[in-house]
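Just so it is clear, none of the values below were taken in a lab; they were calculated from the coordinates. Not measured: the values here are computed from a predicted model. Cβ placement follows ideal geometry from the backbone for every residue including glycine, while neighbour counts extend to all protein chains displayed.
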Amino acid sequence: MQKILVCDDDANIRNIMDFSLEAEGFQVVEAPDGDAALRLAVTEQPDLVLLDVMMPGNDGLTVCRHLKENPATKHIPVLLLTARSSKADREAGLAAGADDYITKPFSPQRLVDKVTELLGAHN
């Protein structure tokens, strides 16, 4: 079973992502903030990190950069999730090391499709 680390400061969004991913057979580990995501990425070694960009403290771009700089986590694909949809925002996310980007609001099926696509590309 593939493991997905879901990091979003909004518990409702985490619940939607958890439900959608678990319904497709993924194991989900939750992080309510960037610091927890950094710790859990090392200890849980997920197959993919789903990361909200706008969070208090360490935002998603900062967390993504740290994940990609750490030898223990740099191989893990990162999918950014954000309400920001401009070309500049997308470029900033990809420059931080993200593998892809999905905007809110999102359909649960689009989320599952994007996660599946990224996991396939990294196996």
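Label zone (ILE13, point 7 Å along Cα-to-C-beta; backbone nitrogen cut-off 13 Å) within region 82-123: 82-85, 102-107. Using a Gaussian network model of the chain in which every pair of alpha carbons under 10 angstrom is joined by a spring, one finds that among ALA98, ALA72, ALA41 the greatest mean-square fluctuation is at ALA72. A simple spin-label model places the labels of MET54 and GLU91 2.1 nm from each other, with each point 7 Å out along Cα-to-Cβ.
Note: region 3-115, Cα convex hull, 83 Å³ per residue.
Could you pull out which residues in region 7-24 have an amide N less than 15 Å from a spot 7 Å beyond the Cα of ASP100, following the Cα-Cβ vector? Label zone hits: 21. The magnitude of the dipole of the chain, with charges of +1 and -1 set on the Cβ of Lys/Arg and Asp/Glu and taken from the Cα centre, is near 320 debye.
Shape class of region 1-48 from the Cα gyration tensor (axes a ≥ b ≥ c, square roots of the eigenvalues): oblate, since a/c reaches 1.5 or more and a/b does not exceed b/c. In the chain, helices alone account for a calculated mean residue ellipticity at 222 nm of -14000 deg cm²/dmol, with every DSSP H run of four or more residues adding -39,500 (n - 2.57). Using 0.36 nm per residue and subtracting the Cα-Cα separation, the extra length available between VAL42 and ASN70 on full extension is 9.2 nm.
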